[in-house]
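S.K.: Can you keep this structure in mind? I'll have questions shortly.
The values are calculated or read from the model by the stated rules, or taken from the named source; none is laboratory data. Since we're looking at a predicted model, the values are computed, not measured. Glycine gets a Cβ as well: all are built from the backbone with ideal geometry, and neighbour counts include every protein chain shown.
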Amino acid sequence: MTDLYAAPASAESAPSNAKRRHPMLWVPSLYVAMGTPMITVSVVAAIMYKNLGLSNTDITLYTSSMYLPWVIKPLWSPLVDMFRTKRFFVLCMEFIMMVTLGCVALSLSLPGYLGPTLAFFWITGFASATQDIAGDGVYISSTSETEQAQYVGVQGIAWNIGRIIASGLLVTFTGWLHDKLGLDWAKTWMVVMGVLSAIMGIAGAWHLNVMPTGGTARDAPTSVSDAVKTFVDAWTTFFQKKNILMMLLVVFFYRFGEGFIEKMGPLFMLDERNVGGLGLNNEALGNMGSLGTAGFMGGALLGGVFCAKFGLKRSFVLLAFILNVPHFTYFYLSHALPDNLQIITAIVTLEKFGYGFGSVGHMLYMMQQVAPGPYKTAHYAFATGIMGLSMMLTGMISGPIQAAVGHTHFFTIALFASVPPVLFAFLAPFKAASNDSKDAAVPAGH
């Protein structure tokens, strides 16, 4: 049975008409537009709610649960192949997110803002996850194998530019609006959510003119029953793979320690010193987010070079080690509570560099060990869902744990939670390299 999730990646699959748009016209903007809303929902929303006075427990519960759309997105991915074109779904989702983020901005003026803003963030999350499916599909279907290799680095850089915009520049902007102009936090975040809404609208308008259709998948299902049969077969063959349960444990635990830090780290930096935090403002946090993302990108690039030289199997344990050892940085920060902003920024950037370097192993393990077979793209999506589940669960429990033990003991627990990833990396099963060339390469970078 053919893979309904993976469109052909040969040169013939790329558009052949004379008006074909150069990938650099739409690949960077597409992945910026994919990274921006995901980081808005998963990271920036937590900072916003912190500024608005919610407790760490509520923030981590509400915002970590928003990972769910990315966990379960394989459930509706066949629909992207069954109806219209992938470009159609990308455009629809970008314009939907323009509206929902605009509605978040408007809802912040309400006395009972929490319910409406959460609802619109949830809709944004499902739209963003659907945009991921369709956007990757456009990339796979509209570029040749040579182009896919050529622009995969562009993908990762562009996606992380979206992260810098959302969790770096715009968070810094909130600090300027609040501290320099004197706007209250509700009005400050209304402005920023309006800016994010405009970014998604501009992306949609740009892609309306430059993005290829992406077509529909070869041998796409022609009916719901056909899609269900193919989907069931994809799941069945996934769990028939040798050592698949152990592989999934490796995938689940690889970022286990990072899952505790990702959600609680920014809240720890914003918390006042009398409750064990660093007492930073939004401007400092935003600048730190930008530099941290740059560190992540540098780490990922070097990690890719390292893994290409030594191979995934030989380097996997070391990659997991490099990702998790820098968690000592938050252990140090929570105990020493330094007040030098340059030192704090350097320490956080180091942690993000290790995260970027080590994350290469995670992504390649899913691509090269978990995904190969007749449903490569679908199985990769299933694996990333397990990864998202880990991040969602660790984020949700991080708030109650921190509230119970305080920041100092919380980051000690996070340090112990960083041991299982290295252990499972050591026990990770590897199989022989696949010679299956039917499937397209899976886009990286998000």
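S.K.: So Cys103 fits all but one of (1) among the hydrophobic types (A, V, I, L, M, F, W, C); (2) closer than 24 Å to Ile165 by Cα; (3) touching a Pro at 6+ places or on another chain (Cβ under 9 Å); (4) in contact (Cβ under 8 Å) with a residue 40 or more places away in the chain; what number is the exception?
M.R.: Here Cys103 meets the rest and fails (4).
S.K.: Please pick out the residue among Phe416, Phe410 that is among the hydrophobic types (A, V, I, L, M, F, W, C), surrounded by 20 or more Cβ atoms within 10 Å (Cβ to Cβ) and over 22 Å from Cys307 (Cβ atoms).
M.R.: Going through Phe416, Phe410 in turn, the sole match is Phe410.
S.K.: Another question about this same structure. Check Gly361 against each of (1) modelled with pLDDT of 90 or more; (2) within 21 Å of Phe426 (Cα to Cα) and name the one condition it does not meet.
M.R.: Of the numbered conditions (1) modelled with pLDDT of 90 or more; (2) within 21 Å of Phe426 (Cα to Cα), the odd one out for Gly361 is (1).
S.K.: Here's something else I'd like to know. Could you please find all residues in the range 115-125 being surrounded by fewer than 16 Cβ atoms within 10 Å (Cβ to Cβ) and hydrophobic (A, V, I, L, M, F, W, C)?
M.R.: Selection gives Ala119 alone.
S.K.: Only helices (runs of 4 or more DSSP H) wholly contained in the range 85-186 count here; list those with 1 or more residues that are at pLDDT 95 or above and among the small types (Gly, Ala, Ser).
M.R.: 86-107, 114-142
S.K.: Enumerate the pairs (first residue in the range 143-155 and more than 17 Å from Lys86 (Cβ to Cβ) and assigned by TED's automatic domain parsing to the domain that holds Met211; second residue anywhere and at pLDDT 70 or above and of a type in the set (Phe, Trp, Tyr)) with beta-carbon separation below 8 Å, excluding pairs fewer than 6 apart on the same chain, so at least 6 apart or on different chains.
M.R.: What qualifies is Val154/Tyr31.
S.K.: Tally up the residues in the range 58-89 that are over 24 Å from Val192 (Cβ atoms), out of contact with any Ser or Thr (no Cβ under 6 Å at 6 or more places or on another chain) and β-branched (Val, Ile, Thr), please.
M.R.: So the count comes out to 3.
S.K.: Among (1) surrounded by fewer than 23 Cβ atoms within 10 Å (Cβ to Cβ); (2) in contact with a Gly (Cβ under 8 Å, 6 or more places away or on another chain), there is one condition Ser107 misses while meeting the rest; what is its number?
M.R.: Every condition holds for Ser107 apart from (2).
S.K.: Could I ask something else about it? With the structure loaded, tell me whether Met363 is among the hydrophobic types (A, V, I, L, M, F, W, C), closer than 20 Å to Ala320 by Cβ and out of contact with any helix residue (DSSP H, G or I) (no Cβ under 8 Å at 6 or more places or on another chain) or whether it fails that test.
M.R.: Considered against the rule, which asks whether it is among the hydrophobic types (A, V, I, L, M, F, W, C), closer than 20 Å to Ala320 by Cβ and out of contact with any helix residue (DSSP H, G or I) (no Cβ under 8 Å at 6 or more places or on another chain), Met363 comes out as yes.
S.K.: How many residues, within the range 327-377, are under 19 Å from the mean Cα position of the chain (by Cα) and among the basic types (Lys, Arg)?
M.R.: Count: 1.
S.K.: Could you grab me the full set of residues in the range 267-293 that are assigned to a helix (DSSP H, G or I) and more than 11 Å from Thr345 (Cβ to Cβ)?
M.R.: Scanning the range 267-293 gives Leu267, Phe268, Leu270, Arg273, Asn274, Val275, Asn282, Glu283, Gly286, Thr293.
S.K.: Same structure again: Which members of the range 1-58 meet the condition of being charged (D, E, K, R), at pLDDT below 90 and surrounded by fewer than 20 Cβ atoms within 10 Å (Cβ to Cβ)?
M.R.: Glu12, Lys19, Arg20, Arg21
S.K.: Something else about it: Need pairs with beta-carbon distance below 7 Å; first residue closer than 17 Å to Leu393 by Cβ and within the range 411-422, second of a type in the set (Lys, Arg) and in a helix (DSSP H, G or I); sequence gap 6+ or separate chains.
M.R.: Within 7 Å, no pair qualifies.
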